[in-house]
Amino acid sequence: MNQELLSTSNRNRAANLRQCLLRASRCVNIIIVEKLHQRGFTELRSTHTALLSNLDLEGSSLILVAQRAGITKQAMGRLADELVKLKYVSRTLNENDKRSVIIKFTPSGLELMDYSFRIMEELENRCAYRLGGNHFKKLLSSLQEITNELENTSE
């Protein structure tokens, strides 16, 4: 591939939907984790957000959380073990299916999530200020539309 074509491909790649979403997601994740560290949650790692951001507040099965995060149940199990040690989540056997594990937030985990929601609200306000409130709302609704379209597309 010649240098000019490579340069054009890199510029196009940097501006494509996937790359823009990945970069934005990484930025949001980094900011949230840094601000949580400032609030005393210093043991939290950015990888932990794969579990935390996909766990329902009332709890979810480990398999469901792994599916939502797009990782294996073994990888999610390791994250759950780490977060159990940090006392942010608990693991229990599913009463209806003893082979299934349910992950739930502990009181400390719910406190962490409360701070996380506040930080996310600050970030959204910052973005709305930058783009203008109506543009930001349109961005969110457009992203939801795209997500719905892609989730409903069978391969």
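Values in this text are rule-based calculations from the coordinates and carry no lab data. All figures in this text were calculated on a predicted structure; none of them were measured in a lab. Because the Cβ atoms are built from the backbone with ideal geometry, glycine has one as well, and the counts that use them run over all protein chains shown.
Among the residues of the range 86-114, which ones are part of a loop (DSSP other than H, G, I, E, B) and either aliphatic (A, V, I, L, M) or without any contact (Cβ under 8 Å) to a residue 24 or more places away in the chain (or both)? Hits for the range 86-114 are Leu86, Lys87, Glu95, Asn96, Asp97, Lys98, Arg99, Thr106.
For the range 35-72, what are the residues that are in a helix (DSSP H, G or I) and under 15 Å from Asp114 (Cα atoms)? Residues satisfying the conditions are Lys35, Leu36, His37, Gln38, Thr49, Leu52.
Looking at the range 95-102, is at least one residue out of contact with any helix residue (DSSP H, G or I) (no Cβ under 8 Å at 6 or more places or on another chain) and small (Gly, Ala, Ser)? Checked against the condition, which is being out of contact with any helix residue (DSSP H, G or I) (no Cβ under 8 Å at 6 or more places or on another chain) and small (Gly, Ala, Ser), the range 95-102 yields no hits at all.
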